[in-house]
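Some notes on the structure that comes next.
Taken together, the values in this text are just the output of simple stated rules run on the coordinates, not laboratory data. A quick note: this is a predicted structure, and the numbers were derived from the prediction, not measured. Neighbour counts run over all protein chains shown; Cβ positions are idealised from the backbone, glycine included.
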């Protein structure tokens, strides 16, 4: 019989800590955003919608997170490719070429992703990065 691989998974507790760290960064800057954390299949684990955030950001944050794990790269990488003229990337299924989605990688394993929406894409990216910074203390 074939052996099964051992696999790390993103827990609800870890997802909440990542979201809380991201939310703290948003609050420090007075930014209202939606923060989505998804598992390695792009399925929602937790979502935080700060008061006053535009409703469209609920879906955008989830789509950024799902894209980041699907493509195993920050959504900013896709944005840069499109900005460089390779607009065909926009036709890829599930591609969201807008900064604010980051994969969650621990010891080389892709566990999920965080997506942020509500302010500028650069600010969304900064908030997502603050969420990932907490990984050093929880992994």
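Exposure proxy shown here: for 105, 33, 38, 60, the number of other Cβ atoms within 10 Å sets the order, fewest to most, as 105, 60, 33, 38.
Convex hull volume per residue, computed on the Cα atoms of the chain, equals 118 Å³.
Give the separation of the Cα centroids, segment 27-77 to segment 108-138, in Å. Measuring centre to centre over Cα atoms gives 9 Å. Panel order for 67, 46, by other beta carbons found within 10 Å of each beta carbon, from fewest to most: 46, 67.
Per-residue Cβ neighbour counts within 10 Å put 34, 58 in the sequence 58, 34, beginning with the fewest.
Scaled against 2.2 N^0.38 Å for its residue count N, the alpha carbon radius of gyration of segment 81-139 is 1.29. When the helices of the chain are scored as -39500 (n - 2.57) per DSSP H run of n ≥ 4 and the total is divided over every residue, the value at 222 nm lands at -13000 deg cm²/dmol.
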